[in-house]
Amino acid sequence: YSNTGGGFDPCEGKLVVFPNPINKNKSNDEIVVNLIYPPDPCDNPTVSGKAGEINNEVKIYDFYGTLLFSQRYNSDDFKISNLSLKPGNYILNVFTSKGFQKKEIIFVE
């Protein structure tokens, strides 16, 4: 469904985060993030700068709204390592050229 509340958007991608929950003792705090988009006509993003350029911004917040991590990636598939987050629930936000996605992630010991 559209993040803007307008109903189903066939070009909206799927945000996959693995593993979730994250076991700190087994994963070294590493999160694998994949953004999966449907094929044409949806794969023609417009980005400030060059058309077709991938520029994803990832932010991780705690439930108090405190920003704990922020980084840009030039790929739709990337790893986030060495977060050193305490056990608990967090919100992972991904801002892409095609919109905004968020996912709850859980760190456990």
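Just the residues that are aliphatic (A, V, I, L, M) and either open to solvent by 40 Å² or more (accessible area, probe 1.4 Å) or farther than 14 Å from Ile36 by Cα (or both), please, taken from segment 91-107.
Once the filter is applied, which keeps residues that are aliphatic (A, V, I, L, M) and either open to solvent by 40 Å² or more (accessible area, probe 1.4 Å) or farther than 14 Å from Ile36 by Cα (or both), segment 91-107 yields Ile91, Leu92, Ile105, Ile106.
If you go through segment 76-90, how many residues are open to solvent by 40 Å² or more (accessible area, probe 1.4 Å) and without any contact (Cβ under 8 Å) to a residue 40 or more places away in the chain?
Here is the first cut: in segment 76-90, the residues open to solvent by 40 Å² or more (accessible area, probe 1.4 Å) are 77, 79, 81-82, 84, 86-87, 89.
Applying the additional criterion that residues be without any contact (Cβ under 8 Å) to a residue 40 or more places away in the chain yields 86, 89.
Summing the residues that are open to solvent by 40 Å² or more (accessible area, probe 1.4 Å) and without any contact (Cβ under 8 Å) to a residue 40 or more places away in the chain in segment 76-90 gives 2.
The values are calculated or read from the model by the stated rules, or taken from the named source; none is laboratory data. Not measured: the values here are computed from a predicted model. With ideal geometry, Cβ positions are generated from the backbone for all residues, glycine too; neighbour counts draw on all protein chains shown. Only protein heavy atoms, including side chains, enter the accessible area calculation; ligands, DNA and RNA are left aside. Shrake-Rupley method; radii C 1.70, N 1.55, O 1.52, S 1.80 Å.
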